[in-house]
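Below is one structure, written out as structure tokens; the observations come after it.
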Amino acid sequence: MVVSKFGNDNAAGMSMIEQLFPEVTCYALRYLDYSSLCQLSMTSSSMRKTANDDVLWRALYFQEFTEETNGGTPVNGWKAFFAVTKQVMTVNDKFFSILDSRFDAVMQRWDFCFDNWEIGFPTYVIESRTRILSSVAWVSTIALHHIGQFNITNVFELHNGRWLMVHHHSSIIPTNGVEN
């Protein structure tokens, strides 16, 4: 006769997810976004340990960002690398929103210099790749504009805990007359 015990006395007070094998839990948590993962880590000490797993943050990084990490493992772990990448991408997005929101005002002030220049905005980011070193980061972007595609590179440096843009470069991608 087979007897099945449905509950486990040692697991009293534990959630169902805490009772799973760690590999199964880690696999299931890979589908959470970073905000949900951080919130889950605050529910219990075992969930904090599971949610801080480096393999989990590596998977989340590849899901959210590019797979280019220069072939290495980040010095401070994947969770810290994810946070820094997110921070740099936010600063990069703010740069584009400043361009979009202030372009018309700048062009009105400089209209005598740009009489026949009809570049205008907005731009739409097609692809973004971020590379981060300890205090320097750069974002390489392909952006679509009404006159064509552009390679855009923004370089950031970490100063007093804030990422500041120190260089911006943009150049049109030559198509040799071939339309997409």
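The values are calculated or read from the model by the stated rules, or taken from the named source; none is laboratory data. Everything numeric in this text was worked out from a predicted model, so none of it was measured. Here the Cβ is made from the backbone with ideal geometry for all residues, glycine too, and neighbour counts use every protein chain on show.
Go through region 49-64 residue by residue and tally those that are surrounded by fewer than 19 Cβ atoms within 10 Å (Cβ to Cβ), part of a helix (DSSP H, G or I) and within 22 Å of the chain's Cα centre (by Cα).
Matching residues across region 49-64 total 6.
Among the numbered criteria (1) hydroxyl-bearing (Ser, Thr, Tyr); (2) within 21 Å of Ser134 (Cβ to Cβ); (3) modelled with pLDDT under 80, which one does Tyr61 miss?
(3)
For region 33-48: of the residues being within 18 Å of the chain's Cα centre (by Cα) and crowded, with 16+ Cβ neighbours inside 10 Å, which is modelled with the highest pLDDT?
As a first pass, look at region 33-48 and keep what is within 18 Å of the chain's Cα centre (by Cα): 33-38.
Then drop every residue that is not crowded, with 16+ Cβ neighbours inside 10 Å, which leaves 34, 37.
Numbers: Tyr34: 78, Leu37: 83.
This residue is Leu37.
Suppose the filter is without any contact (Cβ under 8 Å) to a residue 60 or more places away in the chain, within 16 Å of Val91 (Cα to Cα) and of a type in the set (S, T, N, Q); does Thr153 pass it?
Spelling it out, Thr153 is indeed without any contact (Cβ under 8 Å) to a residue 60 or more places away in the chain, within 16 Å of Val91 (Cα to Cα) and of a type in the set (S, T, N, Q).
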